[in-house]
Amino acid sequence: MTSRYLRILVLAALSLPLPAAAQPEQEQTEPRFLLQPITYEVVALFGEDTSKAIVNVHYRIGQNFFIFVRNEGSVQRAAYIARGELVVELLNEQKVSVARDIRQISLTRATATRETDHAPDLQDAISFSVPAGTYSIVFSLDDRESGRAFLERNRRVTATVPRLATLEVSNPILTQSGAPVASMDDFVPVNRGGNVIFGGRGGLLSQILQPESQQTISVRWKLQGQLDGLGPRVQDFSGAEFITQGGLLKLVTQNGTMQYKTAPSAFRWTACFTPLPFEKLEPGSFRLDIEYTAGQVTRKQAHTFRVVWPNKPFSLINPELALDALRHIATEDEIATMQSGSPARRAEAFHRFWKSRDRDTTTAYNEVMAEYYYRVDEALRKFSTVREGDGYKTDRGRIYILYGPPQKTEKLLQPGGAPTEIWTYERLKRRLVFIDPNKNGAFVLSQTENL
């Protein structure tokens, strides 16, 4: 391949429009992208009744947990239904139940499978008002049709009541948003079992009881992370920005949505939001140290979480494959640099290669890199021959990776002739002809035409 032709293909690859599948906020519904079917998180807050604590359980259930069966009832209802039962219970340290909520789940859809229905996850929350103490959470879910069950009872939460005379800070809530937060109208929990989704925005929401002296509150935080990937890399951030609004945090659930809003309160409650640079964090494990100060009193908290990429391309998980798949757009020298030196040096070279091609350097999520490796995945799945795992090396795989799926595909099979495929890219004004001379699935590019 000549260097001039390589440059043309690189420009073509980096100029293609990115489909919705490249965006981290869009949860993929193809089988290889299915998220963990059940996640939940437990948050302990203060309540208007200062003699008790509030324990909120946010949960997310993927519809792929359930088996949908054909609805034999009224023809006016959906064609397929699923039923289940959710039980959430709090046990005290003596293993005695102090609170329980049982919910019946009924789902309907027009098709039997999630892949074709793009069904959203079921999200909701259960709120308990309990005395101060440490509780074990029993989270149980059953699918009525299949008998499939999920049971977890090893998660614990410590709920406290405010002492009223000093600075108090509740457990935090990780929240998400589509843009930087400029007001305290409402906050949506990330609701990923304590994880943060790669590419999102958001921060930390806490409930504060101000001292009687009404000193000004200040917040300082430091964020440190060990990144996943080809080699050891770290990220560090710090800041002191925050937003406050007087009032008590209230959980509002409606039609499958959850939000925390600030409700007026007669007491000295303040909602505090600390924006964090989630959009700049790469997948990995992070520790957040945060200090809240009012006058001479400081409350310190430490939180750990992971930044996860649920729909991460499989080809990007395998370091050797991720590097070898760059053969279509990287020079031999660039690949050699990414394959030499220490793991940290190789990881930095790989990161630098893709950073130079990133369209938006204000975020860690690189749309160009993500789309490239999604296409590598598709090439592996669609075009691999008898040599398993060579789909991205084939002519069809190479073209698919560089140009994306064609707008039109024609398959020709004539007696005595080689199987032929014709791909048409209308936007690029090109037609490509592939033939399979040995009739073994190994198509080769035989002709390129300008439209």
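The values are calculated or read from the model by the stated rules, or taken from the named source; none is laboratory data. Since this is a predicted model, take the numbers as computed values, not measurements. Cβ sites come from the backbone with ideal geometry, for glycine too, and all protein chains shown count toward neighbours. Just the protein is used for accessible areas: all its heavy atoms, side chains included, with ligands, DNA and RNA removed. Shrake-Rupley method; radii C 1.70, N 1.55, O 1.52, S 1.80 Å.
Quick one: G147 ticks every box in (1) open to solvent by 10 Å² or more (accessible area, probe 1.4 Å); (2) in contact with a strand residue (DSSP E or B) (Cβ under 8 Å, 6 or more places away or on another chain); (3) over 26 Å from N311 (Cβ atoms) bar one, so which box is it? The number of the failed condition is (2).
Selection within segment 142-179: residues that are part of a loop (DSSP other than H, G, I, E, B) and among the hydroxyl-bearing types (S, T, Y). The member of this set that is modelled with the lowest pLDDT is T166.
Can you tell me which residue is nearest to the chain's Cα centre (by Cα) among those in segment 355-382 that are open to solvent by 50 Å² or more (accessible area, probe 1.4 Å) and not hydroxyl-bearing (S, T, Y)? Spell out how you get there, then give the answer.
The initial filter retains those residues of segment 355-382 that are open to solvent by 50 Å² or more (accessible area, probe 1.4 Å), namely 355-356, 359-362, 381-382.
Applying the additional criterion that residues be not hydroxyl-bearing (S, T, Y) yields 355, 359-360, 381-382.
Values: K355: 21, R359: 20, D360: 19, R381: 23, K382: 26 Å.
Restricting to residues being open to solvent by 50 Å² or more (accessible area, probe 1.4 Å) and not hydroxyl-bearing (S, T, Y), the top hit is D360.
Filtered by the rule that a residue be more than 26 Å from the chain's Cα centre (by Cα) and either in a loop (DSSP other than H, G, I, E, B) or surrounded by fewer than 18 Cβ atoms within 10 Å (Cβ to Cβ) (or both), segment 338-354 gives Q339, S340, G341, S342, P343, R345. Residues that are in contact (Cβ under 8 Å) with a residue 24 or more places away in the chain and over 33 Å from the mean Cα position of the chain (by Cα) do not occur anywhere in segment 390-403. A single entry from L223, L204, L209 fulfils the requirement of being more than 20 Å from the chain's Cα centre (by Cα) and open to solvent by less than 10 Å² (accessible area, probe 1.4 Å): L209. Might you check whether a residue that is outside any loop (DSSP other than H, G, I, E, B), more than 29 Å from the chain's Cα centre (by Cα) and either closer than 25 Å to M369 by Cβ or modelled with pLDDT under 90 (or both) occurs anywhere in segment 70-78? Yes - at least one qualifying residue is present in segment 70-78. In segment 318-337, the residue that is modelled with the lowest pLDDT out of those that are outside any loop (DSSP other than H, G, I, E, B) and surrounded by fewer than 14 Cβ atoms within 10 Å (Cβ to Cβ) is E320.
For the structure I just gave you, tell me whether R306 is on the phi < 0 side of the Ramachandran plot, at pLDDT below 90 and open to solvent by 60 Å² or more (accessible area, probe 1.4 Å). Break it down into steps so the answer makes sense when it comes.
On the way: on the phi < 0 side of the Ramachandran plot: yes; at pLDDT below 90: no; open to solvent by 60 Å² or more (accessible area, probe 1.4 Å): yes.
It is false that R306 is on the phi < 0 side of the Ramachandran plot, at pLDDT below 90 and open to solvent by 60 Å² or more (accessible area, probe 1.4 Å).
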